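For reference, the structure discussed in these notes is given below.
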There are 2 protein chains.
Amino acid sequence: MSLPEWDGRPDTEALREILDGRWGAVRRAAREKMGAAPPASMAGGDLETRRAQVFEDLRALAADGHPRIGFPKEYGGQDDVGGAVVSFEMLGFGDLSLLVKTGVQWGLFGGAIQALGTARHHDAHLRAIMDLELVGCFAMTETGHGSDVASLLTTAVFEPETGEFVIDTPTPAARKDYIGNAARDGRMAVVFAQLPPHGVHAFLVPIRDENGEALPGVLIEDCGEKGGLNGVDNGRLSFDHVRVPREALLNRFADVAADGTYSSPIESPSRRFFTMLGALIRGRISVAGGAGSAAKTALTLAIRYGERRRQFEHPASGGEVAILDYRAHQRKLLPPLATTYALHFAQEALIRSLDESFGRDIGESDQRELESRAAGIKAAATWHASDTIQTCREACGGAGYLAENRLTRLKADTDVFTTFEGDNTVLLQLVAKGLLTRYRHDVDELGTLGLARFLAEQFAEAVIERTPARSVVHRPDPLDREWQLDAFADREKHVVEGLARRLRRAEHADDAFAVFNEAQEQLLKAARVHVDRIVLEAFAAAVPPGDVLLGRVCDLYALSVIEADRAWFLEHGRMNAETAKGVVRTVDELCGFLRPHARALVDAFAIPESLLDVPMLGN
Amino acid sequence: MSLPEWDGRPDTEALREILDGRWGAVRRAAREKMGAAPPASMAGGDLETRRAQVFEDLRALAADGHPRIGFPKEYGGQDDVGGAVVSFEMLGFGDLSLLVKTGVQWGLFGGAIQALGTARHHDAHLRAIMDLELVGCFAMTETGHGSDVASLLTTAVFEPETGEFVIDTPTPAARKDYIGNAARDGRMAVVFAQLPPHGVHAFLVPIRDENGEALPGVLIEDCGEKGGLNGVDNGRLSFDHVRVPREALLNRFADVAADGTYSSPIESPSRRFFTMLGALIRGRISVAGGAGSAAKTALTLAIRYGERRRQFEHPASGGEVAILDYRAHQRKLLPPLATTYALHFAQEALIRSLDESFGRDIGESDQRELESRAAGIKAAATWHASDTIQTCREACGGAGYLAENRLTRLKADTDVFTTFEGDNTVLLQLVAKGLLTRYRHDVDELGTLGLARFLAEQFAEAVIERTPARSVVHRPDPLDREWQLDAFADREKHVVEGLARRLRRAEHADDAFAVFNEAQEQLLKAARVHVDRIVLEAFAAAVPPGDVLLGRVCDLYALSVIEADRAWFLEHGRMNAETAKGVVRTVDELCGFLRPHARALVDAFAIPESLLDVPMLGN
């Protein structure tokens, strides 16, 4: 197969509008503001300088009304949850410490009070939070427990005599760790603690007085220098029997009466726990967006540099060759560019779902589905950003290693995105568990007759696997979008089914943990191929009919995913060697096809030029 | 297939001795010194503090005689080139700025004078260089040219009237860039410049006076903050018609007489150029060793943390599970551990070759072979270190992101290893070109009869590719070392042959560059699989007969390489689906097998405990 010629020219404006999507107005406004006044904190400096600069920038955002977009209208907000996630994403073009600091203050701290609290908390605090009169922390993670939130050790014991909760850190492992805003600026914290015997709940705990001194019983430590994000003051909090009033409990999903009686509209403790965590979904979605902006910035810098930078003579012309004209260089940068587009559209679709579901009861199954998508896309987007920025750094050689050219700080700052707001590996495990639950539900619904048919299908598939002829018969065309979508969907179905069969054995095994543990690769693969599928579907749906260029970008995304995993397609008889080699060849051809349009494709991200004004791109 | 049981216990001492190899005495001495007094520069601080600390540490090394090992006996050295590379490698357990600073001073600057200069330069400078009385720079890279050294723009024009060379920076692109020791400490530079019309040569150019002021005509700029290695003072040098005496030419391979007559023992200008560059091979080999030490440190930290850190309850025992007991975690850390072992032995073999060839004329073909191996292993080792340290950081979650736990600085400091001392992609292209030259040489030697047989073999292979039955007939055993070695060797042969056939077409193509350019993926693959083969061969040769544990580590290396590239083996009929799935299963089993011995395997690296004393591993 060879790629049909295209003599069109890319329309950057049109591309930009497609990318801008439903919250185009929010994006345009943010671009204008950031372009006119890039965050001062981008300048760098030592730890204390950076922290002070970022806090000043945060103040400027508050003064400008930035946080209002996501808060309720009755408190002066705009009730636009999708817009809040998008406007957070846009900050990702600038200083990522500022991005994370806004996330801590208005997303995690403010967001937790909004989502887990009730009117008494909203009335008391939301305005002050928006205005930055009250700076807060989100104190969930402990030194001993990060991913396993249900096992947190901090305790909150209610004393009916005094009407107070006693917040306590019983062991060093129960210390709250890596808490943003804790080391310098925070005055209050949303503290997650065990309310025996009802499990983890969230409490509002003041930690500093008006002069910034730690309150009695509160021990505050500084996490010090980190690999990046040094404008964020991460710290550690320990509580020595600190007393807070009964009203400090964020009581939307559970309450404690004056006499100590516990009540909750949700009966099952585990469902209650997951409902509380689910209410915090916005943070996870926001992180994926911020990671996407960082990846876009890195690609824009590296692709522009790749067009300017020349090395080695062209054997025919004698002139020096722009490094982006080398296929090896295109191979480094263009598939990640295509994936960045793909994740952008998947993220946009996710934000739309969040926005449409916000504040409504969409039912447990839809809620789980949304959480699963948020988890999967967060993992995919943050790993993608980390890998892509690294690749971009290397693609700019020595220039890429100088701080002034932004790439190293982008890498260092986004590094932790893969392990905070949910460790990516743990998130993928959650996604896989969700897939298994849904699969089992479907199988159960089949009944006896359905099961027989299902098993027959399984058998037919097993036969197909031994005869790598299916795809030959179908004359596969890697550039056919339907073929791509089928390939992704079929792979997901097969991996999930295989995993389910394998884990069913665990039910009768002596060592169920061992069976489950040994299936980890397949479990993580199930999650990955599921995310691949929803991302491709989102991208495919976003390509306007007849848009050749964007269609080719979508092809490059789909085929570079298949290329990377073609061993699976070969092993499972989904593809013969000829088709697999054809996929590799087509990825090569697509890189060549897209090379002349690479600049237009990054320009469509519309990152303000003042944020791209780095020496290596200067004259 | 299932792994045979092994009831042995790892003997850390014995492993350590195998790893220590020929330069065991150098390694032991270095470990003792570093263990007793870790570099002060590990402490951190701002740019100027770091630079000053590293310079102090460099002084301490000089006072201790560290640099003497690699210099000639007649100047007070020990003439132990292999030992010098190994002792550099050992510094990689400590502060990597100090490592690079020693590399600049004694490896690049001192090494260039040693390798390219003659007695007059050695007499004048070698002692002062060892004693750090003369601090120098290696000024090769220019702003406009990094990888393409032959196209450097700095000029050195000889004036017979004055008997001087005039060193000049004709355009901004000719500015020497990213030069270590230039911004703060350097007094002299080895400057690579065009000596018209004879091409690039090296000159000794003083750049600062005794008070540290830039000399007239020398413009020195500071590169400022970098992504890492901030204890190294990288800078930029421009020369405005700076005059140096005729004796400033490092004249081992070419000289200019007082009347301006040029002479060289090497007639071909291109051979002369490559001989000069080849004399600098030590730097490239050293970088690979330093990268290896950083990877070992990261793995030691992450594996120890993985044994301490517990998350989530074990469903049967109720206790919390050590994260290294999760297969997903083993899958992250144990294959990189096996690869670290493999690269260690490949590096040791390379150092032996360097040591045995040093100062001897080993003939052009062997010299090219050595350079190719140095290039390939440098690329493999530095990418491996970068990827592995990143993985280790993520495997330690939030703790891994705190500067106090060393991983983020290890990542930031080694990042540039993949693009300095030869950009890895360019190095792999060199390796591939060497493979093609040798292949063509072999084919030419075949003659007509041989060619017919050769073509018949090609045909037979083509048939095999369409019948994925060969490996079934041979009943492959992934744990059979011969089978692994055959698989690696056969893959290399096939990829190189395919590449040669493809590029032969370029000879008759209208656009030879396009044909060559489109073959980049295959070209880079040829280099990669070649490096894989020599690495596996080195590892296999280092495993003592009957050493079950080290044998299993070697298996894990071999099979994780095959696993990652099993699409190739499937596409080319080298493996059927059953065998490929068996390889994946065996990698899983090997991870389980090695899990209990992971601690012993990293302890055998024998990194001084004082360098591993980080808070996340404290009590």
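The values are calculated or read from the model by the stated rules, or taken from the named source; none is laboratory data. Values in this document were obtained by computation on a predicted structure and should not be read as measured data. Quick reminder, even Gly has a Cβ in these numbers, built from the backbone with ideal geometry, and neighbours come from all protein chains shown.
Quick check on B:Ala124: is it away from chain A (no Cβ under 14 Å) and surrounded by fewer than 18 Cβ atoms within 10 Å (Cβ to Cβ)? Let's see the steps before the verdict.
Numbers: away from chain A (no Cβ under 14 Å): yes; surrounded by fewer than 18 Cβ atoms within 10 Å (Cβ to Cβ): yes.
So B:Ala124 fits the description; yes.
If the condition is being under 21 Å from B:Glu371 (Cβ atoms) and of a type outside the set (A, V, I, L, M), then region B:521-567 contributes B:Lys525, B:Arg528, B:His530, B:Asp532, B:Arg533, B:Glu537. When B:Pro72 is tested against the conditions (1) buried (at least 21 other Cβ atoms within 10 Å of the Cβ); (2) within 25 Å of the chain's Cα centre (by Cα), the lone failure is (1).
Given the residues B:Arg393, B:Arg406, B:Arg368, which is the only one that is facing chain A (nearest Cβ under 9 Å) and not β-branched (Val, Ile, Thr)?
Values: B:Arg406 fails: facing chain A (nearest Cβ under 9 Å); B:Arg368 fails: facing chain A (nearest Cβ under 9 Å).
The conditions single out B:Arg393.
One line per residue, one yes/no per condition, for (1) modelled with pLDDT of 95 or more; (2) within 22 Å of A:Pro38 (Cβ to Cβ):
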{"position": "A:Ser286", "(1), (2)": "yes, yes"}
{"position": "A:Gly289", "(1), (2)": "yes, yes"}
{"position": "A:Gly292", "(1), (2)": "yes, yes"}
{"position": "A:Lys296", "(1), (2)": "yes, yes"}
{"position": "A:Thr300", "(1), (2)": "yes, yes"}
{"position": "A:Tyr305", "(1), (2)": "yes, yes"}
{"position": "A:Arg310", "(1), (2)": "no, no"}
{"position": "A:Glu313", "(1), (2)": "no, no"}
{"position": "A:Leu324", "(1), (2)": "yes, no"}
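Residues that are under 17 Å from A:Phe569 (Cβ atoms), surrounded by fewer than 23 Cβ atoms within 10 Å (Cβ to Cβ) and of a type in the set (Lys, Arg) within region B:558-609 comprise just one, B:Lys581. For region B:488-585, the helices (runs of 4 or more DSSP H) that sit wholly inside it and include 1 or more residues that are within 26 Å of B:Lys433 (Cα to Cα) and in contact (Cβ under 8 Å) with a residue 40 or more places away in the chain are B:520-542, B:548-564, B:566-571. Criterion applied to B:Ser268, B:Ser264 was being among the hydroxyl-bearing types (Ser, Thr, Tyr), away from chain A (no Cβ under 14 Å) and in contact with a helix residue (DSSP H, G or I) (Cβ under 8 Å, 6 or more places away or on another chain), and the one residue passing it is B:Ser264. Within region A:411-444, if we keep just the residues that are polar (S, T, N, Q) and facing chain B (nearest Cβ under 8 Å), the residue that is surrounded by the fewest Cβ atoms within 10 Å (Cβ to Cβ) turns out to be A:Gln429.
Kindly evaluate A:Ala527 against the criterion of being within 25 Å of the chain's Cα centre (by Cα) and under 30 Å from A:Ala40 (Cα atoms). Explain how you work it out, then say what you get.
On the way: within 25 Å of the chain's Cα centre (by Cα): yes; under 30 Å from A:Ala40 (Cα atoms): no.
For A:Ala527, the condition - within 25 Å of the chain's Cα centre (by Cα) and under 30 Å from A:Ala40 (Cα atoms) - is not met.
Only one residue in B:Ala189, B:Ala150 is of a type in the set (Gly, Ala, Ser) and either part of a helix (DSSP H, G or I) or within 14 Å of chain A (Cβ to nearest Cβ) (or both), so which one is that? Break it down stepwise before answering.
Values: B:Ala189 fails: either part of a helix (DSSP H, G or I) or within 14 Å of chain A (Cβ to nearest Cβ) (or both).
One residue alone meets the criteria, B:Ala150.
From the set of residues in region A:395-410 that are of a type outside the set (Val, Ile, Thr), touching an Asp or Glu at 6+ places or on another chain (Cβ under 8 Å) and assigned to a helix (DSSP H, G or I), which is surrounded by the most Cβ atoms within 10 Å (Cβ to Cβ)? Restricting to residues being of a type outside the set (Val, Ile, Thr), touching an Asp or Glu at 6+ places or on another chain (Cβ under 8 Å) and assigned to a helix (DSSP H, G or I), the top hit is A:Gly400.
Of the residues B:Ile351, B:Ile389, which single one is farther than 26 Å from A:Asp415 by Cβ and crowded, with 23+ Cβ neighbours inside 10 Å?
Values: B:Ile389 fails: farther than 26 Å from A:Asp415 by Cβ.
Step by step, each of B:Ile351, B:Ile389 is checked, and only B:Ile351 is farther than 26 Å from A:Asp415 by Cβ and crowded, with 23+ Cβ neighbours inside 10 Å.
Each residue in region B:29-44 was checked for being surrounded by 15 or more Cβ atoms within 10 Å (Cβ to Cβ) and not in a helix (DSSP H, G or I), and 3 of them qualify.
Within region A:153-186, the residues that satisfy the criterion of being assigned to a loop (DSSP other than H, G, I, E, B) and among the polar types (S, T, N, Q) are A:Thr154, A:Thr162, A:Thr169, A:Thr171, A:Asn181. How many residues are surrounded by fewer than 24 Cβ atoms within 10 Å (Cβ to Cβ) and more than 13 Å from every other protein chain (Cβ to nearest Cβ) if we restrict to region A:374-386? Summing the residues that are surrounded by fewer than 24 Cβ atoms within 10 Å (Cβ to Cβ) and more than 13 Å from every other protein chain (Cβ to nearest Cβ) in region A:374-386 gives 1.
For region A:496-508, the criterion of being under 18 Å from the mean Cα position of the chain (by Cα) and hydrophobic (A, V, I, L, M, F, W, C) is met by no residue.
Could you grab me the full set of residues in region B:1-28 that are over 25 Å from B:Leu350 (Cβ atoms) and assigned to a helix (DSSP H, G or I)? Matches in region B:1-28: B:Thr12, B:Glu13. For region B:530-539, the count of residues that are farther than 30 Å from B:Asp11 by Cα and either polar (S, T, N, Q) or under 22 Å from the mean Cα position of the chain (by Cα) (or both) is nonzero. When A:Arg59, A:Arg51 are checked against the criterion of being assigned to a helix (DSSP H, G or I), surrounded by 14 or more Cβ atoms within 10 Å (Cβ to Cβ) and on the phi < 0 side of the Ramachandran plot, a single residue qualifies: A:Arg51. Filtering region A:519-539 to residues that are surrounded by fewer than 19 Cβ atoms within 10 Å (Cβ to Cβ) and within 9 Å of another protein chain (Cβ to nearest Cβ) leaves only A:Glu521.
Could you grab me the full set of residues in region A:130-147 that are more than 12 Å from A:Ala189 (Cα to Cα) and either in contact (Cβ under 8 Å) with a residue 12 or more places away in the chain or within 14 Å of chain B (Cβ to nearest Cβ) (or both)? First the steps, then the outcome.
First, the residues of region A:130-147 that are more than 12 Å from A:Ala189 (Cα to Cα): A:130-133, A:141-147.
Those that are more than 12 Å from A:Ala189 (Cα to Cα) and either in contact (Cβ under 8 Å) with a residue 12 or more places away in the chain or within 14 Å of chain B (Cβ to nearest Cβ) (or both): A:Met130, A:Asp131, A:Leu132, A:Thr141, A:Glu142, A:Thr143, A:Gly144, A:His145, A:Gly146, A:Ser147.
Within region B:211-237, count every residue that is away from chain A (no Cβ under 14 Å) and β-branched (Val, Ile, Thr). Number satisfying all stated conditions: 2. Quick check on A:Thr425: is it among the hydroxyl-bearing types (Ser, Thr, Tyr), within 13 Å of A:Ala291 (Cβ to Cβ) and touching a residue at least 24 places away in the same chain (Cβ under 8 Å)? So A:Thr425 fails the test. Screening B:Gly319 with (1) touching a residue at least 60 places away in the same chain (Cβ under 8 Å); (2) surrounded by fewer than 15 Cβ atoms within 10 Å (Cβ to Cβ); (3) within 14 Å of chain A (Cβ to nearest Cβ) gives one miss only, at (1). B:Arg475 meets the conditions (1) surrounded by fewer than 21 Cβ atoms within 10 Å (Cβ to Cβ); (2) part of a helix (DSSP H, G or I) in every case but one. The failed one is (2).
Over 30 Å from B:Ala112 (Cα atoms), touching a Leu at 6+ places or on another chain (Cβ under 9 Å), within 14 Å of another protein chain (Cβ to nearest Cβ) and surrounded by 22 or more Cβ atoms within 10 Å (Cβ to Cβ): does that describe B:Ala302?
Yes, satisfied.
Take region A:350-366 and flag every residue that is among the acidic types (Asp, Glu) and not in a loop (DSSP other than H, G, I, E, B). Correct list: A:Asp355, A:Glu356, A:Glu364, A:Asp366. For region B:318-335, the condition holds for at least one residue, the condition being that it is of a type outside the set (A, V, I, L, M, F, W, C), within 24 Å of the chain's Cα centre (by Cα) and assigned to a helix (DSSP H, G or I).
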